[in-house]
């Protein structure tokens, strides 16, 4: 009788061990749940930034990337890593495990800037949003009683007239200048 109980306990332990190994294999991607899984190692991934794919080598520890840098591209803001080019499935380097070669997509949004218009007593002019390496669209001329609009300037002393054909990559405030209409 004791031998049967001992065999039953031993059989139950073996089943539990098999179940644990199975779970680790399924969740851990198989061979990675070994000593190799704990070591820091290099892994090559394909990274897609603004449609340009390149292979990069990253440090991987316990299935997580530990040195994935954000792309720094002039005129763009990095918004995160994604598993797909539609940017619907986010990838978090510090949280997501990697067990095979994948392609990561960097979501990059073009920077936008605002041109604000101070009409100096004329009618209100709405701000204009424009993108990196573009020019702000020139607004309609402001109206001010008894004055004729003389142009937009980059300073309130009206010493530098603004040229709407020049590309700027920054926010800007422009000031309206007027000439008194004489009777």
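Could you tell me the calculated FRET efficiency between residue 79 and residue 56, based on Cβ-Cβ distance and R0 = 22 angstrom, to the nearest 0.05? Can you show the working numbers first?
Numbers: r = 19 Å, r/R0 = 0.85.
Efficiency for this residue pair is about 0.70.
So if R0 is 45 Å, what FRET efficiency would residue 160 and residue 86 give, r being the distance between their Cβ atoms, rounded to the nearest 0.05?
Numbers: r = 45 Å, r/R0 = 1.00.
Result of the calculation: an efficiency of 0.50.
At what distance in nm do the modelled label points of residue 129 and residue 13 sit from each other, each positioned 7 Å from its Cα along Cα→Cβ?
Label-label distance for residue 129 and residue 13, simple model: 6.6 nm.
Rounded to the nearest 0.05, what FRET efficiency do residue 140 and residue 69 give with R0 = 45 Å and r taken as the Cβ-Cβ distance? Could you check?
Numbers: r = 45 Å, r/R0 = 1.00.
Given R0 = 45 Å and the Cβ-Cβ separation, E is 0.50.
In nm, what is the difference between 0.36 nm times the number of residues separating residue 103 and residue 116 and their Cα-Cα distance?
Details: separation 13, 0.36 × 13 = 4.68 nm, distance 4.11 nm.
That works out to 0.6 nm of additional length.
Every read-out reported here was derived from the displayed coordinates using simple, explicitly stated rules and does not represent laboratory data. Bear in mind the structure is a predicted one, so any value in this text is a computation, not a measurement. We place every Cβ from the backbone using ideal geometry, glycine too, and count neighbours over all the protein chains shown.
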